[in-house]
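The structure appears below as structure tokens.
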Amino acid sequence: MDISSKDSLNCSPVSAELHIPFPSAHLATVAYNSLRVDKEPKRSTTTKVLSLEANILKASFTSGDTRQLRTAVNSFLDLLILVSKAIDEFTPPDFIIKECPLMI
Amino acid sequence: MGRYFSRPCCKRAFSDINTSKMVVSIGFEGSANKLGIGIIRDGIVLANPRRTFITPPGEGFKPVDTANHHQLNIVLLLKEALDEAKIDPQEIDVVCYTKGPGLGSPLVSVAVFARTVSQLWGKPIIGVNHCIGHIEMARLITGAQNPIVLYVSGGNTQIIAYSQKRYRIFGETVDIAVGNCLDRFARLLKLSNHPSPGHNIEQLAKNGKIYVPLPYVVKGMDMSFSGVLTYIEEFATTLQEYTVEDLCFSLQETVFAMLVETTERAMAHCGAQEVLICGGVGCNIRLQEMMSEMCKERGAKVFATDERFCIDNGAMIAHAGAEMFRVGVLTSWEDTFCTQRYRTDEVEVKWRNDI
């Protein structure tokens with residue numbers, strides 16, 4: 001895939017920012033913890049930064065290449081959907097996220 | 001949702017769990033095209049359902065499609081496992097998942113799911129080496145004491161001997177795994193991938209009559225399988241005079257003889273009297289037969305499991321994880337990442353007390 005200087009889509013970094021609200025800060029933290037561990041693949045020029053603001057999970061992506069940005073965002077959204085399904089099906093009724101013993 | 005949670009979550013630190021309590025562990029496996037979830041209580045398999053991503057003849061499974069398959073099936077598969085085991089998630093003591101080796105995006109899909117349920121249920125999480133999962137499950141099922149292990153699958157081909165808290169890699173493939181060779185051979189011949197390419201090669205080989213000499217490459221303790229594939233690709237036209245059955249038969253006889261030779265060499269080095277075959281290719285009855293013939297000559301025994309445990313499954317991850325949990329080996333949250341390359345000898349086998 002050639003990225004020539006004449007390619008108007010790729011002359012400076014492109015970015016995308018996602019804000020995903022969850023029903024509670026606890027559940028947003030679950031998603032944040034599940035999704036923040038894996039690094040982007042080595043060959044990718046995309047960087048991903050996750051953060052939490054109350055019940056909102058924020059994900060910001062920056063890339064030197066638009067196609068790679070699309071791939072990174074799509075993969076992230078697929079995993080986010082998976083996390084949401086797990087939360088929908090397997091959250092105990094009285095769920096409160098645990099303290100640090102898990103995060104050793 | 002209500003039926004899975006009959007009691008509120010209770011916080012239970014690791015130190016509270018005394019060693020006489022039966023450990024219940026759940027294992028999530030998805031490093032290749034098999035997605036498996038297993039639940040084990042104190043060495044007994046309570047559930048071990050599995051789903052396989054099967055591609056059309058002539059096609060292999062690509063990482064992105066495989067990851068997709070796992071993401072689509074994992075929720076239902078977990079419900080199936082919990083129902084079959086008849087347990088409440090609160091009874092689970094530890095969540096185990098495959099850290100590696102394997103394909104990147106499928107591994108990550110399963111890991112993300114495991115991290116999520118580990119938090120929702122409030123249970124510790126353990127990353128398990130896939131190869132060690134195979135070895136420990138095979139040891140549990142067969143009762144083999146201290147065998148030379150032949151671990152053969154689509155992704156791995158290693159001859160392993162346990163010594164001083166490590167599974168030492170005695171010999172291995174220098175290029176592709178023997179299962180990968182079989183799978184790609186099946187692709188060349190456009191054999192069906194259902195239930196697996198290796199299974200179909202084994203069935204066709206039973207009717208093979210003529211042995212076609214194929215490249216046989218053993219280098220000391222190591223083996224090479226890519227030459228066989230290149231040979232078949234290059235000589236496809238001259239090989240057309242042979243039937244598919246003859247080619248399957250010849251391929252099996254050749255690559256399995258290579259495995260038997262190197263296994264025997266390892267046995268001679270270690271003075272071992274037991275061989276344990278594990279991994280998907282270990283299902284193959286012809287391989288088991290050839291290994292038995294060699295062992296009979298040496299007065300040694302062969303151990304193998306059936307396709308429930310030879311083929312990638314969740315219970316093997318649950319069992320290896322339970323062993324790690326039992327001796328206090330946990331995985332810190334930052335270490336719950338996945339890695340495509342994860343050597344069998346990287347893991348300290350703290351749960352074995354023998355030398």
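The values are calculated or read from the model by the stated rules, or taken from the named source; none is laboratory data. What you are looking at is a predicted structure, and each value in this text was computed from that prediction instead of being measured. Don't worry about glycine lacking a Cβ; one is built from the backbone with ideal geometry, like all the others, and counts go over all protein chains shown.
At least 3 residues being in contact (Cβ under 8 Å) with a residue 60 or more places away in the chain and of a type in the set (A, V, I, L, M) is the threshold, and among the helices (runs of 4 or more DSSP H) wholly inside segment B:37-148 those reaching it are B:104-121, B:130-142. If the condition is being in contact with a helix residue (DSSP H, G or I) (Cβ under 7 Å, 6 or more places away or on another chain) and among the aromatic types (Phe, Trp, Tyr), then segment B:216-232 contributes B:216, B:225.
Here is a yes/no grid of residues against (1) surrounded by 23 or more Cβ atoms within 10 Å (Cβ to Cβ); (2) free of Cβ contacts under 8 Å to residues at least 60 places away in the same chain; (3) closer than 20 Å to residue B:274 by Cβ:
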{"position": "B:293", "(1), (2), (3)": "no, yes, yes"}
{"position": "B:299", "(1), (2), (3)": "no, yes, yes"}
{"position": "B:303", "(1), (2), (3)": "no, no, yes"}
{"position": "B:312", "(1), (2), (3)": "yes, no, no"}
{"position": "B:319", "(1), (2), (3)": "yes, no, yes"}
{"position": "B:322", "(1), (2), (3)": "yes, no, no"}
{"position": "B:329", "(1), (2), (3)": "no, no, no"}
{"position": "B:337", "(1), (2), (3)": "no, no, no"}
{"position": "B:340", "(1), (2), (3)": "no, no, no"}
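Filtering segment A:48-67 to residues that are closer than 11 Å to residue A:15 by Cα and surrounded by 16 or more Cβ atoms within 10 Å (Cβ to Cβ) leaves A:48, A:59, A:61, A:62, A:63, A:64, A:65. Taking residue B:161, is it more than 14 Å from chain A (Cβ to nearest Cβ), on the phi < 0 side of the Ramachandran plot, modelled with pLDDT of 95 or more and not in a strand (DSSP E or B)? Considered against the rule, which asks whether it is more than 14 Å from chain A (Cβ to nearest Cβ), on the phi < 0 side of the Ramachandran plot, modelled with pLDDT of 95 or more and not in a strand (DSSP E or B), residue B:161 comes out as no.
Within segment B:164-186, the set of residues being in a helix (DSSP H, G or I) and of a type in the set (A, V, I, L, M, F, W, C) comprises B:178, B:181, B:182, B:185, B:186. All of B:266, B:272, B:257, B:205 fail the test of being within 30 Å of residue B:162 (Cβ to Cβ) and in contact with a Phe, Trp or Tyr (Cβ under 6 Å, 6 or more places away or on another chain), apart from B:266. In the set (1) farther than 18 Å from residue B:314 by Cβ; (2) modelled with pLDDT of 95 or more; (3) not in a loop (DSSP other than H, G, I, E, B), residue B:15 fails one condition alone, (2). For the condition among the charged types (D, E, K, R) and closer than 25 Å to residue A:24 by Cβ, residue B:79 qualifies. Against the conditions (1) touching a Leu at 6+ places or on another chain (Cβ under 9 Å); (2) farther than 22 Å from residue B:259 by Cβ, residue B:330 satisfies every one except (1). I'm checking my understanding of the structure. Among residues of segment B:74-90 that are away from chain A (no Cβ under 11 Å) and within 20 Å of the chain's Cα centre (by Cα), which one is nearest to residue A:89 (Cα to Cα)? Checked segment B:74-90; the qualifying residue nearest to residue A:89 (Cα to Cα) is B:77.
Among residues of segment B:201-259 being surrounded by 18 or more Cβ atoms within 10 Å (Cβ to Cβ) and aromatic (Phe, Trp, Tyr), the one that is farthest from residue B:156 (Cα to Cα) is B:249. Among the residues of segment A:88-104, the ones that are modelled with pLDDT of 80 or more, at the interface with another protein chain (Cβ under 7 Å from one of its Cβ atoms) and assigned to a helix (DSSP H, G or I) come to 2 in all. Just wondering, is there one or more residues in segment B:201-215 that are in contact with a helix residue (DSSP H, G or I) (Cβ under 9 Å, 6 or more places away or on another chain), among the basic types (Lys, Arg) and either within 14 Å of chain A (Cβ to nearest Cβ) or outside any loop (DSSP other than H, G, I, E, B) (or both)? Scanning segment B:201-215 turns up no residue that is in contact with a helix residue (DSSP H, G or I) (Cβ under 9 Å, 6 or more places away or on another chain), among the basic types (Lys, Arg) and either within 14 Å of chain A (Cβ to nearest Cβ) or outside any loop (DSSP other than H, G, I, E, B) (or both).
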